[in-house]
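To start, the structure under review is shown below, and the notes come after it.
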Amino acid sequence: MTHGYPGTFLTLEGPEGAGKTTQVKLLAGKLEAAGIPHLITRDPGGTPLGKQIRRALLTPGNPVSPMAELLLYSADRAQHVDELIIPALKEGKLVICDRYTDSTVAYQGYGRSLDLNLISQLNAMSTQGLTPELTILFDLESEKGLGRLHPGGHDRMEREAIEFHHRVRQGYLELVKKEPQRWQVIDASKALSAVQEELKQIISTAFSQRFNFAAI
Ligand code: Z5A
């Protein structure tokens, strides 16, 4: 355990269209049916304040400077960790967060070329030092992921140039190399059912001593 709470903290990462949201929705039903206490949430937008920040960040045509973008994602996370994530971990839940600090490193660090040390400091401040025990990367070529979305992308980030999305994917792969013990990588180009099976396998293997995954 990397934090002092009784719960378990798992994060999901990946480029656009990798299928995190779809997979986590499928998993939620199974966790519910198996009676595993859990919280499924997302960055940005997990709290009422976060929903307002999310709108400001993702509305197309809203000018947002790279530094303002970094600070807004960090502000969203500070509220999210304090209001939802830590309380759920204190209650012993399995917390699954769709995107977390690694998104900031990949998008604002590698994508926007902001200083990685500054991002690391902001990530530590905004999370009260809370790091995930396991992070799953849904890895997918940028072109494939964007191709699964609405043509041209529907939000401000999705509309970035393809080079930006390539840097983001590269950023994720670098993160995996730097800290391989925290990451598991799923090939997100596989069929939905195969990805779901792999996700279940990874989670049940990692956390079988804390929750009963036999029924999922
Ligand atoms: N961002 C940031 O810059 N910095 C930060 O610190 C944080 C985030 C936290 C959040 O928007 C944006 O903010 C995001 C990163 C940035 N950038 N963008 N764009 P979001 O929450 O709306 O975006 P997202 O998390 O990337 O969601 P997404 O783009 O929709 O991707 P996804 O959740 O991984 O995919 P999905 O919605 O589950 O699936 C997309 C489509 O693919 C859908 O039609 C599915 O039916 C289809 N799909 C899914 N899996 C498959 C498979 N296996 N085969 C075929 N088709 C599939």
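Any idea how many residues of the stretch 111-129 are farther than 20 Å from C97 by Cβ, in contact with a helix residue (DSSP H, G or I) (Cβ under 9 Å, 6 or more places away or on another chain) and in a helix (DSSP H, G or I)? Final tally of qualifying residues: 2.
Looking at D139, D187, D115, just one residue is at pLDDT 95 or above and in contact with a Pro (Cβ under 9 Å, 6 or more places away or on another chain), and that residue is D139.
Condition check: surrounded by fewer than 19 Cβ atoms within 10 Å (Cβ to Cβ), part of a strand (DSSP E or B) and under 17 Å from the mean Cα position of the chain (by Cα). Does V185 satisfy that? Yes: the conditions hold for V185. One residue stands out in the stretch 142-180 among those that are free of Cβ contacts under 8 Å to residues at least 40 places away in the same chain and among the aliphatic types (A, V, I, L, M): the one that is farthest from L192 (Cα to Cα), namely A161.
Assuming V195 fulfils every condition listed in (1) under 26 Å from A68 (Cα atoms); (2) over 16 Å from the mean Cα position of the chain (by Cα) apart from one, which condition is it? V195 satisfies all of (1) under 26 Å from A68 (Cα atoms); (2) over 16 Å from the mean Cα position of the chain (by Cα) except (1). Looking for something closer than 21 Å to I119 by Cα and part of a loop (DSSP other than H, G, I, E, B) - is there at least one such residue anywhere in the stretch 192-214? No - not one qualifying residue is present in the stretch 192-214. Just one of (1) at pLDDT below 95; (2) assigned to a helix (DSSP H, G or I); (3) under 19 Å from the mean Cα position of the chain (by Cα); (4) of a type outside the set (D, E, K, R) fails for M157. It is (2).
The values are calculated or read from the model by the stated rules, or taken from the named source; none is laboratory data. Given the structure is predicted, the values throughout are model-derived calculations rather than measurements. Neighbour counts run over all protein chains shown; Cβ positions are idealised from the backbone, glycine included.
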